[in-house]
Amino acid sequence: NAQRTSRPCHFLRTTYTMKVFLLSLLSVSLCHALVPFIDGGKGMPKMYDSYFNDQLAKQAATAIGKAVSAGKMNIQVEFPPVPNVEEVKFGTPLNQKFGKKIAPDLKMKYLPGSNLSRNLIAYSNVYWAKRFAGALKGGALGGKPVGVLSAEQVDFTDVKNMGDLSRSGKINTDKARKEGRNGEAIICINPGGEETWPRLVSAHGQPNCPFVVMNNSYSTSYDLGNKKGFEEAYYLKRISKGFVFRSFPGPWEAYLEKPDGTVELLESYKTKPKLREAAELVRETSFKRYAMDNDRWMSGRM
């Protein structure tokens with residue numbers, strides 16, 4: 001009888017132990033799945049999921065924070081501010097989806113004809129400035145003021161939630177200059193040709209404080225990054241058949257975009273390559289593998 005009654009107890013103990021073991025394995029696997037995304041993970045962000053799952057925001061904020069901690073005060077941040085930016089005038093489904101995502105964060109409405117829908121890039125850049133402000137003010141407990149200045153068609157009174165941004169204004173206006181505060185970090189949206197950046201720092205920057213130029217709509221260097229000594233802390237540029245990516249303090253990387261929309265790292269550079277060098281590598285690799293069958297426009301990867 002003693003043996004018969006002990007067997008069920010032994011079975012229950014064994015079953016309980018197995019459940020605990022399986023749960024612990026599940027917890028470990030979940031942790032490993034989530035940990036890379038605490039800071040956005042390594043390698044270029046997934047296009048275009050990263051715009052919606054916060055991977056891009058976390059990667060860029062982490063890179064900016066690391067650059068500031070390393071003493072880099074003049075910083076460049078460059079990436080497409082909306083998914084499928086080339087077609088933003090036509091309002092593709094991805095554009096609309098992103099507009100609807102950021103509207104509650106800015107406390108704005110995304111409706112046909114609204115300022116947000118008509119000027120999606122401009123207001124998206126304000127959204128990104130909000131997401132990066134924490135990295136510039138010194139983290140959750142930091143108290144450094146962070147201002148945002150823009151050259152774009154933005155009515156800041158439309159934005160009802162500025163988050164960690166302490167003030168806003170237009171680039172190169174007397175009002176923006178006069179409202180500058182001691183110890184203030186600045187995010188300068190679409191500042192224009194890089195030959196003007198040092199003057200913008202003089203006009204709006206504060207001594208020994210971060211000054212970030214973000215998402216310039218064009219380049220006057222016709223190359224990767226800039227030639228004015230601004231640290232390219234976070235840089236993602238689409239090139240023919242792929243991307244060039246850099247996240248401080250990591251290397252520069254050239255990626256091939258495959259016909260299915262996934263990407264493959266082709267080359268890692270310790271120093272910034274020439275745009276021509278990276279573009280030729282990606283384009284030639286694409287042609288050798290896929291000939292004319294690697295076209296995101298024809299395949300609908302918009």
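The values are calculated or read from the model by the stated rules, or taken from the named source; none is laboratory data. All values derive from a computational prediction rather than experimental measurement. Virtual Cβ from ideal backbone geometry, glycine too; neighbours counted across all protein chains shown. Side chains are part of the model used for accessible areas, which takes the heavy atoms of the whole protein and leaves out ligands, DNA and RNA. Shrake-Rupley method; radii C 1.70, N 1.55, O 1.52, S 1.80 Å.
Take region 39-190 with all the other protein chains still there, run a 1.4 Å probe, and you get 44 Å² of accessible area per residue.
Taking the average, over residues, of other Cβ atoms within 10 Å as the packing measure, peptides 44-56, 92-104 rank 44-56, 92-104 from highest down. Applying the Karplus relation 6.51 cos²θ - 1.76 cosθ + 1.60 with θ = phi - 60° to region 202-208 yields 3J(HN,Hα) values of 5, 6, 10, x, 10, x, 6 Hz, where x marks Gly and Pro.
Potential lengthening of the chain between residue 39 and residue 222 amounts to 62.8 nm, from the contour at 0.36 nm per residue minus the alpha-carbon distance.
Among the chymotrypsin sites (Phe, Trp or Tyr not before Pro) within region 194-289, those in coil by DSSP and having at most 13 neighbouring Cβ atoms inside 10 Å are 218, 222.
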